[in-house]
1. Filter the stretch 308-325 for residues that are within 13 Å of the chain's Cα centre (by Cα) and farther than 15 Å from residue 411 by Cα; which is surrounded by the most Cβ atoms within 10 Å (Cβ to Cβ)?
2. Return the total of residues in the stretch 249-267 being more than 17 Å from residue 200 (Cα to Cα) and loosely packed, with under 14 Cβ neighbours inside 10 Å.
3. Mind listing whichever residues of the stretch 11-23 are at pLDDT 85 or above and more than 31 Å from the chain's Cα centre (by Cα)?
4. Here are some conditions: (1) surrounded by fewer than 20 Cβ atoms within 10 Å (Cβ to Cβ); (2) within 27 Å of residue 417 (Cβ to Cβ); (3) at pLDDT 90 or above. Residue 230 meets all but one. Which one does it not meet?
5. Do we have residue 349 as more than 30 Å from residue 202 (Cβ to Cβ) and either at pLDDT 85 or above or buried (at least 20 other Cβ atoms within 10 Å of the Cβ) (or both) here?
6. I'd like to know if the stretch 105-114 contains one or more residues that are in contact (Cβ under 8 Å) with a residue 24 or more places away in the chain, more than 29 Å from the chain's Cα centre (by Cα) and part of a helix (DSSP H, G or I).
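The values are calculated or read from the model by the stated rules, or taken from the named source; none is laboratory data. Here the structure is a predicted model, which is why all the values come from computation and not from measurement. For neighbour counting, all protein chains shown are included, and Cβ atoms are generated from backbone atoms with ideal geometry for every residue, glycine included.
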């Protein structure tokens, strides 16, 4: 026991010593002192290791788990560990990294910098001699070694091929999306009243928000409040009106749903480790009665749609005793159209029925969902008992205990991967929004083109509303657009009827060229600029 404790203490002291060294190197690599080591900084700093570009490319890919285009302090520490592993002749992969963490990892040898066992300044002191790799017999050696030739032949992309905003304000993919939105996209959204038809205008906090998980299910516990569970140093509850006016929180757009909603909205913070990376949004149970739905005093469907557009994963919760899908639940699922890749179905309390009943329950659930989703693709369904307070009850269904445990592990793995996919999701949602804006502009421009200048405006408006299906088809045929990208006809018509069509701007070639450039040039160039710098 004493030997084990001594080994643990030595490992902990080694990690702490490495962190001190890595922090000093992080300051040296972060040339502009913004707390981010970008691709260019990494290329210049990592070359001190003497490793090939192919190996360093794998180091960057494994360290840049958030795909944000830069390395923060923690990611830089991981990159240093991976470089040390590669210098010892190990393969740069997850298995080798985890195994090395158990054994302990010495700081890498970097030319011109002194390690943790030598005195050095904050900017890194000079050391004599090139890096001298030390082979570790406990790792799986890389067959290519440090002299491996990279298979990538494209080289670094030239800056002249990119149309970028100034580098002083863009040090990550999210910064770039924010700059593109506020300089190119938002002026068009405001001019064409896009927020009234699609979603509220985005705020800076929407881009910087943590990834989130939306929980939805049938009415059961009587809870009538939307609760945002987020990280905080102490347990505290925050009223919805307060959350909606905080500029650092991504909930300012909820003010448009009125006081009736904000009184049923609150935040709850606690110092849980999981909440440092993910925010959980718990919704009220979906009602089955018309009277209770009317008494809500706000549009539950629209609020769910607002959250669905901004979250990273949507969990639809069912249990074997509540498989019925109410009318409001159907409307909620219909509002999730376009977010099919985020939806996961959780069949909870599966240990409370036997194997034969579970088979029938699963079939009934898939039949009900198939009629609502109206897509040939099948949603991922997790089956099990997801109650952390008590273990799986094996008395009714002992044959499926192993299945429940595997499903539980798969769901947790899916949740843990959310932060790593967050940046990709933000790019994906941004592209979807810009595509929706492009179609919206074409529809509004087509309608505006057929409005008279002075007389007969009311008659022309009624005619447009009646012939809206034909207008959709004409725009689709003229611009060769897929029909599935168009908005819901009924909802579009009801919102359009409230506007004076003559106040809409005319569609000009320069407006269309701007939105096309965002999709064809700005976003692709941004993603390329913050891709692996060794590609």
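1. Quick first cut of the stretch 308-325, residues within 13 Å of the chain's Cα centre (by Cα) only: 308-314.
Filter once more, keeping what is farther than 15 Å from residue 411 by Cα: 308-311.
On the way: 308: 20, 309: 20, 310: 20, 311: 23.
Per the stated criteria, the residue is 311.
2. If we filter the stretch 249-267 for residues that are more than 17 Å from residue 200 (Cα to Cα), which is where we start, we get 260, 263-267.
From what's left, loosely packed, with under 14 Cβ neighbours inside 10 Å: 260.
Total meeting the criteria: 1.
3. Here is the first cut: in the stretch 11-23, the ones at pLDDT 85 or above are 20-23.
20, 21 - these are the residues of the stretch 11-23 that are at pLDDT 85 or above and more than 31 Å from the chain's Cα centre (by Cα).
4. (1)
5. On the way: more than 30 Å from residue 202 (Cβ to Cβ): yes; either at pLDDT 85 or above or buried (at least 20 other Cβ atoms within 10 Å of the Cβ) (or both): yes.
Considered against the rule, which asks whether it is more than 30 Å from residue 202 (Cβ to Cβ) and either at pLDDT 85 or above or buried (at least 20 other Cβ atoms within 10 Å of the Cβ) (or both), residue 349 comes out as yes.
6. Scanning the stretch 105-114, I find no residue that is in contact (Cβ under 8 Å) with a residue 24 or more places away in the chain, more than 29 Å from the chain's Cα centre (by Cα) and part of a helix (DSSP H, G or I), so the answer is no.
For every residue, the table says whether it meets (1) at pLDDT 85 or above; (2) exposed (fewer than 15 other Cβ atoms within 10 Å of the Cβ).
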residue: 436; (1), (2): yes, no
residue: 453; (1), (2): no, yes
residue: 456; (1), (2): no, yes
residue: 469; (1), (2): yes, yes
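To keep it simple, each residue is scored yes or no on (1) assigned to a strand (DSSP E or B); (2) touching a strand residue (DSSP E or B) at 6+ places or on another chain (Cβ under 9 Å); (3) modelled with pLDDT under 90; (4) buried (at least 16 other Cβ atoms within 10 Å of the Cβ).
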{"position": "188", "(1), (2), (3), (4)": "no, no, no, yes"}
{"position": "205", "(1), (2), (3), (4)": "no, no, yes, no"}
{"position": "216", "(1), (2), (3), (4)": "yes, yes, yes, yes"}
{"position": "269", "(1), (2), (3), (4)": "yes, yes, no, yes"}
